[in-house]
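Worksheet for the structure shown next.
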Amino acid sequence: MKDPGLFPAPSAELLDGLAGMQRTLREVFPLKTKHRAALPGGIRRLSDYLTVDRENLPRDYMTRPEFLVAYLHYYLPWNIYRQGRLLTGLDLALKPGSQIVDLGAGPLTFLQALWLSRPGMREQELDYLAVDRSESALKVGRKLFDSLASEAPWKISTDNQPAGRKKFRPADLLVMANFINEVDRGPRGGRGSRSADGGGDASVTQMLERWEGQVANDGAILLIEPGVRDSGRSLSRIRQTALERGWRVPAPCPHAEDCPMPGRRNTPWCHFTFPTGDSPAWLSRLSHQAKLPKDRASLSFLLMVRGENPPVRIRPPKSPGKGCSVVRVVSEGFDLPNGKLGRYGCSDHGLVLLENRRGGPSPVPGDQVTIKWPDSTRRDPKSGALAILLSEGRDRR
Ligand SMILES: C[S@@+](CC[C@H](N)C(=O)[O-])C[C@H]1O[C@@H](n2cnc3c(N)ncnc32)[C@H](O)[C@@H]1O
């Protein structure tokens, strides 16, 4: 069977849910005509704050109507799209009654992505706790979810607190989506002076210690961040410390060696990109109006697990065999000077440049391929990656 990769095509449920979201937003969060007209400009301003002007991002932006409405119409659906794609590719083995805790949940983005992308889980019992310091975001998220899934048997609770303030039943799955980038900075942009759950010093070890106290022994932590260098770098640092503390990191990493894409200085950073041609028309239109068109969506993520039966897994690759390795394809294809197509990938031997002839195998970001190491290795002069020629039709799985 062909491996569906980390980002299989979105399900009809996910696409239908996103297509209907504009109507739901209108019902749950009605806007006066003048506010509707101001929406593209608001999205643009919020985008500037969240990207190039992060140090001036108002701490309470999710409670300010102008920014909340911009978030709901642009970031929420795009994040549902991204998170839904990832959730389709992960192997979720949450037992009935499992507890998901979502720190910095905002308008319950992850919950909506889970509902839309995993219809097979809709009948099962699940406890979901959303923690966020913005009560407005939690409230509107609750209304959106209720309108999406009025019959859901899932037990949904919200906690309007800074993360880390209150104890809760250890999570089977602790989720943080677009959260680390928000708190991994000082009050005025200096890095490292606030922890990812809101208080105290922010060393990665301390962050992990705190999370370890919030996760069940057979548990998982899923971090999902934007596909930008800063986020890739943070996740690479967290991965290294997590491995040292005994966590396994089954995705996206196909090995437990040093990260060959740490994003430091000029090194590449680990992130995945996929085309968005199937996203709903209303969202593409609004994105264009906001001058933020999105032909491609990208993300970085990290799945950390511990114990014998973690609730999130990846479909295991076949054992690669002697002299072979599993490579996670990270980049999209690009032209090489020798006329072939190249793709960067991650392996236990470091960064790999997968080369293939046009018309040959064409793995996409998130796929796994098994390669056989040749007797003598070449290196890509540009990146220093080990160059491997993909053999026709045999390597992808
Ligand atoms: C960029 S939004 C992400 C929302 C959602 N997880 C998503 O992926 O769309 C970040 C959220 O984190 C919340 N937040 C930031 N720092 C927080 C903290 N220390 N404790 C709780 N929530 C926090 C903000 O209020 C905001 O709702």
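The values are calculated or read from the model by the stated rules, or taken from the named source; none is laboratory data. The model shown is predicted, which means the values in this text are computed figures rather than measured ones. So basically every Cβ, Gly included, is an ideal-geometry build from the backbone, and we count neighbours across all protein chains shown. When the accessible area is computed, the model is the full protein with side chains, heavy atoms only, and any ligands, DNA or RNA have been set aside. Shrake-Rupley method; radii C 1.70, N 1.55, O 1.52, S 1.80 Å.
Looking only at region 68-85, how many residues end up being within 12 Å of the chain's Cα centre (by Cα) and either open to solvent by less than 10 Å² (accessible area, probe 1.4 Å) or away from the ligand (no atom under 16 Å from the Cβ) (or both)?
6
Considering only residues of region 158-181 that are away from the ligand (no atom under 14 Å from the Cβ) and more than 20 Å from the chain's Cα centre (by Cα), which is most open to solvent (accessible area, probe 1.4 Å)?
Among them, the one singled out is LYS167.
Only one residue in SER134, SER117 is touching a Leu at 6+ places or on another chain (Cβ under 6 Å), polar (S, T, N, Q) and either within 13 Å of the ligand (Cβ to nearest atom) or closer than 18 Å to THR88 by Cα (or both). Which one?
Exactly one of SER134, SER117 is touching a Leu at 6+ places or on another chain (Cβ under 6 Å), polar (S, T, N, Q) and either within 13 Å of the ligand (Cβ to nearest atom) or closer than 18 Å to THR88 by Cα (or both), namely SER117.
Pick from region 291-325 the residues that are under 20 Å from the mean Cα position of the chain (by Cα) and among the polar types (S, T, N, Q): which of them is nearest to THR241 (Cα to Cα)?
Residue satisfying both the conditions and the ranking: SER300.
Do any strands (runs of 3 or more DSSP E) entirely within region 220-320 hold 3 or more residues that are touching an Asp or Glu at 6+ places or on another chain (Cβ under 9 Å), and if so, which?
272-275, 296-305
From THR88, THR109, which residue is open to solvent by 20 Å² or more (accessible area, probe 1.4 Å) and under 21 Å from the mean Cα position of the chain (by Cα)?
THR88
State which residue is farthest from the chain's Cα centre (by Cα) when the search covers only region 137-157 and only residues that are small (Gly, Ala, Ser) and within 16 Å of the ligand (Cβ to nearest atom).
SER157
Just give me the residues in region 332-370 being open to solvent by less than 20 Å² (accessible area, probe 1.4 Å) and under 21 Å from ARG85 (Cβ atoms), in sequence order.
ARG343, GLY345, CYS346, PRO363, PRO365, GLY366, ASP367, GLN368, VAL369
With the structure loaded, tell me whether LEU31 is in contact (Cβ under 8 Å) with a residue 40 or more places away in the chain, in the same structural domain as GLU225 (by TED's automatic domain parsing) and outside any helix (DSSP H, G or I) or whether it fails that test.
no
Residues of region 118-157 being among the polar types (S, T, N, Q), open to solvent by less than 20 Å² (accessible area, probe 1.4 Å) and part of a strand (DSSP E or B), which ones?
Of everything in region 118-157, nothing turns out to be among the polar types (S, T, N, Q), open to solvent by less than 20 Å² (accessible area, probe 1.4 Å) and part of a strand (DSSP E or B).
Which condition number does ARG44 fail, the rest of (1) surrounded by fewer than 17 Cβ atoms within 10 Å (Cβ to Cβ); (2) in contact with a Gly (Cβ under 8 Å, 6 or more places away or on another chain); (3) modelled with pLDDT of 95 or more being met?
All conditions are met except number (2).
Could you grab the pairs with beta carbons closer than 8 Å, sequence gap of 6+ or different chains, first residue in region 66-94 and over 17 Å from ARG296 (Cβ atoms) and aromatic (Phe, Trp, Tyr), second one modelled with pLDDT under 95 and outside any helix (DSSP H, G or I)?
The qualifying pairs are PHE67/PRO58.
Residues that are under 17 Å from GLY227 (Cβ atoms), modelled with pLDDT of 95 or more, open to solvent by less than 80 Å² (accessible area, probe 1.4 Å) and not assigned by TED's automatic domain parsing to the domain that holds ASN178: does region 261-273 have at least one?
The answer is no; no qualifying residue exists.
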